[in-house]
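Visitor: Okay, here's the structure, questions in a sec.
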């Protein structure tokens, strides 16, 4: 293939992605309106949409599509309900599940992993793949229209290579996680750290739409984070940008799971909350205890919501510690908004503690995130395998025959 041919194909793929994105945003919509928004000619849009109709990714309907010319019958385009599917998987100390969604991002079914212990990665991968295959069979989707899986994981990942680089809470070694999951699932896989995926999704469909500079912190059993500057997720030299859980905090002499003394994790995380409520001792942070600890953390958050004074006090104190750390984040990254994700981050008492300390030093708004883990995993898969330059249109054309 010569360079001119390759360039033409790249342009065609990019235009196809743009058309699908426009339909996702504006459906139902007529071809001439797509051409106007995309800045392409109507003949070019006709060619692209015919290809997408043939692949059964989109369909024509009679109705109230925008952009039709006066005096002509209304013919609009919309996404096909059964055009394409993706899998979303979450692997973290507090949650392990798999789900399936259509190309609109609507979750069709979700299934937890049948696990009592997450200390062995090979076991988690094997059971996760089995649960996913059971779910695919139960939902009854066309397997040839299943495009790929988005995996969000607690830890530092290199999305380019698909490696899990480190995970202090899971205590898993460095490994080619995407490669292992692709083999187990028999699907293309895209992996991302959970905070990065949440912030990307917040930007794509949540409260950060139109925002170019933002940060997100996920206080779960451990603390993760992500930073976006000028519309781009920051990764840093070793893909650790935004991981504030291991910032050194003045006044803490507790040893962290990473081996250091006095990390933010030891005073503001879910584990810290459980320890301060005397629900678990500090020396029980091993991976084999994590699933039980996740349930205890849900209980602690529920206690605070039911006005338990002790739980409220502990969550508020932990939130204050995070508020101190976020002053540094605001000073360095200068975000327009900081999101707190997860059940702990959304808890009124924790959020109040964060704001109480942070507001004395910054006017950056701190607000609960508006996207969930399952939305983040599904969005990751859709962006990688459906609304993508690399969409396998041939696979779908063959499935349509």
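The values are calculated or read from the model by the stated rules, or taken from the named source; none is laboratory data. Please read all numbers here as calculations on a predicted model, not as lab measurements. Please note: Cβ atoms are built from the backbone with ideal geometry, for glycine as well, and neighbour counts cover all protein chains shown.
Visitor: So, residue 337, is that one over 30 Å from residue 171 (Cα atoms) and crowded, with 18+ Cβ neighbours inside 10 Å or not?
Guide: In short, no.
Visitor: Any chance you could count how many residues in the stretch 75-97 are closer than 12 Å to residue 141 by Cα and either more than 15 Å from the chain's Cα centre (by Cα) or in a loop (DSSP other than H, G, I, E, B) (or both)?
Guide: 5
Yes or no, residue by residue, for (1) at pLDDT below 95; (2) in contact with a strand residue (DSSP E or B) (Cβ under 9 Å, 6 or more places away or on another chain):
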residue: 351; (1), (2): no, yes
residue: 355; (1), (2): no, yes
residue: 359; (1), (2): yes, yes
residue: 364; (1), (2): no, yes
residue: 367; (1), (2): no, yes
residue: 370; (1), (2): no, yes
residue: 383; (1), (2): no, yes
residue: 389; (1), (2): yes, no
residue: 392; (1), (2): yes, yes
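Visitor: Related question: I'd like to verify a number: residues in the stretch 323-333 that are in contact with a strand residue (DSSP E or B) (Cβ under 8 Å, 6 or more places away or on another chain) and farther than 11 Å from residue 366 by Cα, how many?
Guide: 2
Visitor: Considering only residues that are within 24 Å of residue 386 (Cβ to Cβ) and modelled with pLDDT under 95, which ones fall in the stretch 162-196?
Guide: Passing the criteria: none in range.
Visitor: Going through the stretch 167-182 one residue at a time, which ones are part of a helix (DSSP H, G or I) and touching a helix residue (DSSP H, G or I) at 6+ places or on another chain (Cβ under 9 Å)? Give the derivation first.
Guide: Within the stretch 167-182, the first condition is being part of a helix (DSSP H, G or I), and the residues that meet it are 177-182.
Correct list: 177, 180, 181.
Visitor: Please enumerate the residues belonging to the stretch 262-283 that are in contact with a strand residue (DSSP E or B) (Cβ under 9 Å, 6 or more places away or on another chain) and closer than 19 Å to residue 328 by Cα.
Guide: Within the stretch 262-283, 262, 263, 264, 265, 266, 268, 269 meet the criteria.
Visitor: Further, regarding this structure: Pick out, from the stretch 344-401, the helices (runs of 4 or more DSSP H) lying fully within it that include 1 or more residues that are under 23 Å from residue 297 (Cβ atoms).
Guide: It comes to 348-358, 373-385.
Visitor: Could we say that residue 193 is over 17 Å from residue 351 (Cβ atoms), assigned by TED's automatic domain parsing to the domain that holds residue 94 and in contact (Cβ under 8 Å) with a residue 12 or more places away in the chain here? Please lay out each step first, then the result.
Guide: Numbers: over 17 Å from residue 351 (Cβ atoms): yes; assigned by TED's automatic domain parsing to the domain that holds residue 94: yes; in contact (Cβ under 8 Å) with a residue 12 or more places away in the chain: yes.
So residue 193 passes the test.
Visitor: Let me ask another. Which count do you get for residues in the stretch 231-245 that are over 20 Å from residue 336 (Cα atoms) and in contact with a helix residue (DSSP H, G or I) (Cβ under 7 Å, 6 or more places away or on another chain)?
Guide: Final tally of qualifying residues: 1.
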